[in-house]
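> Could you have a look at this structure, given as structure tokens, before my questions?
The values are calculated or read from the model by the stated rules, or taken from the named source; none is laboratory data. Bear in mind that the values here come from a model prediction, so they are computed numbers and not experimental data. Please note: Cβ atoms are built from the backbone with ideal geometry, for glycine as well, and neighbour counts cover all protein chains shown. The accessibility values were calculated without ligands, DNA or RNA, using every heavy atom of the protein model including side chains. Shrake-Rupley method; radii C 1.70, N 1.55, O 1.52, S 1.80 Å.
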Amino acid sequence: MRYLTIALAKGRLAMDSLDILERIGISCDEIRDKSSRKLIFTNEELKLRFFLAKANDIPTYVEYGAADIGIVGKDTILEEGRKMYEVVDLGIGRCRMCVAGPAAAKELLQHGELIRVATKYPAIAKDYFYNKKHQTVEIIKLNGSIELAPIVGLAEVIVDIVETGSTLRENGLLVLEEICNISARMVVNEVSMKMEHERISKIIRDLKEVVRDNRG
Ligand code: PRP
């Protein structure tokens, strides 16, 4: 039996992903050691390998087959647009993709004005403004602390994820429009799905059951 490789997104989502995998009998305690700098881990008994990568890179590893399976947010899946199967909504890492800004920017959105939009998600922002709203905007790619952009005058609005809403609130910004709901998904390489159909289907079935139970 060959090793199945599972890619997890570094940080909190990896820990939440491990919790859910544990519930279907897949464990790897070593990954939880926060003091370790190790990136790849093996569960010999189950013939599984796990690795930790930047969330944005997980779709790339899965499309190329360097990982058979990945667990990553829908935001990253939409942004990266990679070829792979999205098989289970795990219901963890829930948040919303929103257009946000100061209250005064609401009018600029309603009147379809040529505004600047700062975001870590240029593909999602482009799809939303160009294809759904038919509004021409200038998209400015940033890498973090997106909420700064409207405060310092880099952009009129931002496209970003909102979880608790605290970051917006504490910086005097509001959700102006909702783009979509986000949660973590299990994704599978297209060839692995055929070659390892039995093992991967079992993981999918088991995970779907856990998610169903969670929803009660
Ligand atoms: C994300 C997002 C928002 C914040 C939303 O940032 O970009 O800034 O979380 O969460 P909240 O609604 O609970 O306040 P992240 O912490 O990933 O850091 P970043 O600045 O690197 O984007």
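> Of Leu114, Leu148, which residue is at pLDDT below 95, more than 20 Å from Ile77 (Cβ to Cβ) and among the aliphatic types (A, V, I, L, M)? Working first, answer last.
Values: Leu148 fails: at pLDDT below 95.
After ruling out the rest, the residue left standing is Leu114.
> Somewhere in the range 82-98, is a residue under 25 Å from the mean Cα position of the chain (by Cα), at positive phi and within 14 Å of the ligand (Cβ to nearest atom)?
Yes; the residues of the range 82-98 include at least one that is under 25 Å from the mean Cα position of the chain (by Cα), at positive phi and within 14 Å of the ligand (Cβ to nearest atom).
> I've got another one for you. Let me confirm something: among Arg205, Arg215, Arg199, which residue is modelled with pLDDT under 95 and either away from the ligand (no atom under 16 Å from the Cβ) or open to solvent by 40 Å² or more (accessible area, probe 1.4 Å) (or both)?
On the way: Arg205 fails: modelled with pLDDT under 95; Arg199 fails: modelled with pLDDT under 95.
Selected residue: Arg215, the only one of Arg205, Arg215, Arg199 that is modelled with pLDDT under 95 and either away from the ligand (no atom under 16 Å from the Cβ) or open to solvent by 40 Å² or more (accessible area, probe 1.4 Å) (or both).
> What is the residue count in the range 1-46 for residues that are of a type in the set (A, V, I, L, M, F, W, C) and in a strand (DSSP E or B)? Please lay out each step first, then the result.
Filtering the range 1-46 down to residues of a type in the set (A, V, I, L, M, F, W, C) leaves 1, 4, 6-9, 13-15, 18, 20-21, 24, 26, 28, 31, 39-41, 46.
With the extra rule that they be in a strand (DSSP E or B), the set shrinks to 4, 6-9, 40-41.
Summing the residues that are of a type in the set (A, V, I, L, M, F, W, C) and in a strand (DSSP E or B) in the range 1-46 gives 7.
> Next question, about the same structure. Quick check on my filter: what residues within the range 162-196 are within 15 Å of the chain's Cα centre (by Cα) and open to solvent by less than 60 Å² (accessible area, probe 1.4 Å)?
Kept after step one, since they are within 15 Å of the chain's Cα centre (by Cα), are these residues of the range 162-196: 162-163, 179-188.
Residues satisfying the conditions are Val162, Ile179, Cys180, Ile182, Ser183, Ala184, Arg185, Met186, Val187, Val188.
Rundown of residues vs (1) more than 13 Å from the ligand (Cβ to nearest atom); (2) within 30 Å of Glu63 (Cα to Cα); (3) of a type in the set (Asp, Glu); (4) not in a strand (DSSP E or B), yes/no style:
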position: Tyr128; (1), (2), (3), (4): yes, yes, no, yes
position: Ser145; (1), (2), (3), (4): no, yes, no, yes
position: Ile151; (1), (2), (3), (4): no, no, no, yes
position: Thr164; (1), (2), (3), (4): no, no, no, yes
position: Ile179; (1), (2), (3), (4): yes, yes, no, no
position: Ser192; (1), (2), (3), (4): yes, yes, no, yes
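> Turning to a different aspect of this structure: For the condition at negative phi, open to solvent by less than 10 Å² (accessible area, probe 1.4 Å) and either among the aliphatic types (A, V, I, L, M) or part of a strand (DSSP E or B) (or both), what is the one hit in Ala118, Ala123, Ala66, Ala103? Reasoning before the result, please.
Details: Ala123 fails: open to solvent by less than 10 Å² (accessible area, probe 1.4 Å); Ala66 fails: open to solvent by less than 10 Å² (accessible area, probe 1.4 Å); Ala103 fails: open to solvent by less than 10 Å² (accessible area, probe 1.4 Å).
On inspection, the qualifying residue turns out to be Ala118.
> What are the residues in the range 130-143 that are among the charged types (D, E, K, R) and away from the ligand (no atom under 16 Å from the Cβ), if any? If you could, list the steps in order and put the result at the bottom.
In the first step, residues of the range 130-143 are kept if they are among the charged types (D, E, K, R); the result is 132-133, 138, 141.
Hits for the range 130-143 are Lys132, Lys133, Glu138.
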